[in-house]
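Note sheet for the following structure.
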Amino acid sequence: MLLYNSATRRRDEFVPNVEGKVSMYTCGPTVYHYAHIGNLRSYIMEDILEKYLRYAGYDVTRVMNITDVGHLSSDADTGEDKMLKSAKREKKTVMEIAKFYTDAFFEDCKKLNIKIPDVVAPATSCIDEFIKVIESLLEKGFAYEAGGNIYFDTSKLKQYYIFNDFKEEDLEVGVREGVEEDGNKRNKADFVLWFTKSKFDDQELKWDSPWGVGYPGWHIECSCISMKYLGESLDIHCGGIDNAFPHHTNEIAQSEAYLGHKWCNYWFHVHHLNTNSGKMSKSSGEFLTVSLLESKGYNPLVYRLFCLQSHYRKSLVFSYENLDNAVIAYNKIVAKVLSLLKEAAGDVDETAFAEGKAKFCAALDNDLNTSLAVTAIYDALKMKTTPATKLALIEDFDRVLGLDVVDAAKKQLEAEKAEADKAASDPFIMEIEDMIKQRAEAKAAKNYARADEIRKILADKGVTLIDTPQGTKYKMD
Ligand code: AMP
Ligand code: ZN
């Protein structure tokens with residue numbers, strides 16, 4: 001499989017550290033608000049990557065953190081803790097906020113068929129690990145104490161910038177407009193590992209540490225949680241593209257300084273979902289959620305299809321018009337699967353199955369080309385083979401795509417059967433159907449007077465006949 005690696009800036013052949021096994025880490029949500037559908041685009045694409053690796057036969061272990069402390073309103077260690085800000089806004093405790101939005105996140109994941117990672121670890125459950133790593137970084141000379149906080153010293157690294165070619169003087173961190181520069185930092189790129197002194201004294205969650213009572217910085221969480229559950233060498237690290245700098249850059253700096261060797265081999269970044277008015281953000285303005293889409297009558301899996309129809313390394317513009325096109329595409333696939341279920345004929349032709357599957361794998365092996373993988377469904381439907389083979393292929397692809405198209409078609413089939421059973425046990429419906437049959441016979445015999453008479457008899461009973469190219473239908477008052 002070829003996978004674009006942000007660290008090498010090219011598509012690399014994916015080779016895990018241990019044959020047959022993959023360790024995968026995902027930056028989890030900062031649980032101070034609902035996830036917006038942009039955040040969920042990242043999680044959908046990461047879910048596809050995980051499911052495809054499993055489909056390809058790898059034994060995957062996936063770990064995700066929940067950021068419930070330390071993520072400040074600016075990624076550059078300035079501003080207030082997002083969790084605290086939200087707790088004040090909603091007049092709740094930080095832990096109540098964390099629980100509420102963590103549950104809401106997993107409900108959204110369930111609706112979107114996003115699998116829950118094998119390990120989900122809230123940052124507040126790993127404080128001892130953070131302290132251990134920070135102590136070691138201090139011992140090794142990669143960290144320093146200043147003004148009460150512990151900082152990572154980026155000048156001690158041979159190479160700090162991994163994903164981009166920033167020049168020190170162009171660096172945004174600490175010198176953004178309206179952001180006060182942190183005078184304690186020795187270098188502009190340095191970042192906080194542990195806060196004991198900050199501008200806000202009302203931080204709700206604090207822990208004892210060798211440097212005084214305080215709380216961890218956001219970046220140290222992901223390094224430590226990944227190392228705790230996945231060991232010293234990581235195969236794939238995922239996140240949205242905004243996380244590449246400074247978050248992932250800082251993760252690499254501190255992890256490799258601590259370990260003394262290379263840490264993660266592949267960096268998988270999902271590009272942003274935008275609206276016509278720009279980037280979607282949890283902290284500003286109105287944003288789109290899965291519940292909002294549902295309240296407008298959209299099936300969340302249609303949003304999943306919408307995401308799969310474009311490549312994860314391209315930014316994607318959301319509009320209801322585009323989502324409506326995904327609704328049409330989704331319904332079309334379900335309708336075709338429904339006809340396959342009705343035919344249910346023939347055996348699975350192994351050769352045709354292998355041919356269909358090869359196209360699907362070729363698409364995903366090419367840097368996770370999900371839009372071509374969706375096209376593989378249409379290709380399967382057009383194949384000259386048995387309905388059973390087509391159905392088997394679509395069911396097989398759905399192990400990765402997670403669109404539930406076969407389930408949706410099965411539900412429609414059951415509903416149609418229930419409707420037919422109801423009709424069969426209702427004498428009035430049987431009478432209408434018998435009259436429709438008699439009218440068709442009368443018309444065939446050119447007895448139009450009798451045909452009109454039948455229409456009138458039924459109309460008097462509140463039944464209107466509608467002639468369509470598919471035969472006569474009826475409507476009851
Ligand atoms: P957060 O909850 O803010 O920590 O973000 C959760 C995940 O969503 C991270 O991997 C972000 O990089 C990602 N993300 C944030 N905004 C977007 C967006 N508009 N489109 C896609 N992914 C996003
Ligand atoms: Zn992270």
Honestly the stretch 2-270 on the Cα gyration tensor test (a ≥ b ≥ c root eigenvalues; a/c under 1.5 rounded, otherwise a/b vs b/c for prolate or oblate) is just oblate
Can you tell me the mean projection area, over all orientations, of the convex hull of the stretch 349-477's alpha carbons? Units nm², please. 11.4 nm²
Furthest towards positive pole of dipole, Ala376, Ala442, Gly28, structure part the chain, Cβ charges: Ala442
Would you work out the relative contact order for the chain, in percent, from Cα pairs under 8 angstrom that are 6 or more residues apart? 16 percent
Go through Met383, Met476, Met45 and list them by solvent-accessible area, largest first, probe radius 1.4 Å. Met476, Met383, Met45
Pairs of alpha-carbon atoms within less than 8 angstrom and 6+ residues apart define the contacts here; what relative contact order does the stretch 277-371 have, in percent? 32 percent
Mean shadow area of the stretch 188-309 over all directions, Cα convex hull, nm²: 11.5 nm²
Taking every alpha carbon pair in the stretch 426-476, what does the distance histogram look like in 10 angstrom bins from 0, in percent? 26, 61, 13, 0
Here, Lys446 and Ala418, labelled 7 Å along Cα→Cβ, have an inter-label distance in nm of 4.7 nm
FRET efficiency, Asp324 to Glu395 (Cβ-Cβ, R0 25 Å, nearest 0.05): 0.40
Based on Cβ point charges of +1 for Lys and Arg and -1 for Asp and Glu, what charge dipole magnitude is obtained for the chain about its Cα centre, in debye rounded to the nearest 20? 1360 debye
Cβ neighbours within 10 Å, averaged per peptide: list 38-44, 332-338 in order, most packed at the top. 38-44, 332-338
In terms of Cα to Cα distance under 26 Å, which lysines are near enough to Lys357, apart from those fewer than 8 places away along the same chain? Lys21, Lys51, Lys115, Lys314, Lys332, Lys336, Lys342, Lys382, Lys384, Lys390, Lys410, Lys411
If the cut-off is 29 Å between C-alpha atoms, which lysines fall inside it for Lys91, apart from same-chain ones fewer than 8 positions away? Lys82, Lys99, Lys110, Lys111, Lys197, Lys199, Lys206, Lys279, Lys282
Quick calc of log₁₀ I(q)/I(0), the stretch 307-408, Debye, one scatterer on every Cα, no solvent, q values 0.15, 0.22 1/Å, result -0.61, -1.18
For the chain, take N as its residue count and report Rg(C-alpha) divided by 2.2 N^0.38 Å. 1.26
Relative contact order as a percentage, the stretch 2-270, C-alpha pairs under 8 Å and 6+ apart, gives 25 percent
Trypsin sites (Lys or Arg not before Pro) lying in DSSP loop within the stretch 429-477, provided at most 15 other Cβ fall within 10 Å: Lys446, Lys461
Probe 1.4 Å, protein heavy atoms only - accessible area per residue of the chain in square angstrom: 46 Å²
Ignoring ligands, DNA and RNA, what percent of the accessible area of the chain is carbon or sulfur (1.4 Å)? 51 percent
Could you compute the FRET efficiency for Glu343 and Tyr474, with r as their C-beta to C-beta distance and R0 at 35 Å, rounded to 0.05? 0.80
Virtual paramagnetic centre 7 Å along Cα→Cβ of Glu19, amide N under 18 Å, in the stretch 43-80: 56-60
So the FRET efficiency between Thr93 and Gln309, C-beta based with R0 = 41 Å and rounded to 0.05, is 0.50
Multiply the residue separation of Glu431 and Lys382 by 0.36 nm, subtract the distance between their alpha-carbon atoms, and state the gained length in nm to one decimal. 13.6 nm
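The values are calculated or read from the model by the stated rules, or taken from the named source; none is laboratory data. On a predicted model such as this, the values are computed, not experimentally measured, just so you know. So basically every Cβ, Gly included, is an ideal-geometry build from the backbone, and we count neighbours across all protein chains shown. Only protein heavy atoms, including side chains, enter the accessible area calculation; ligands, DNA and RNA are left aside. Shrake-Rupley method; radii C 1.70, N 1.55, O 1.52, S 1.80 Å.
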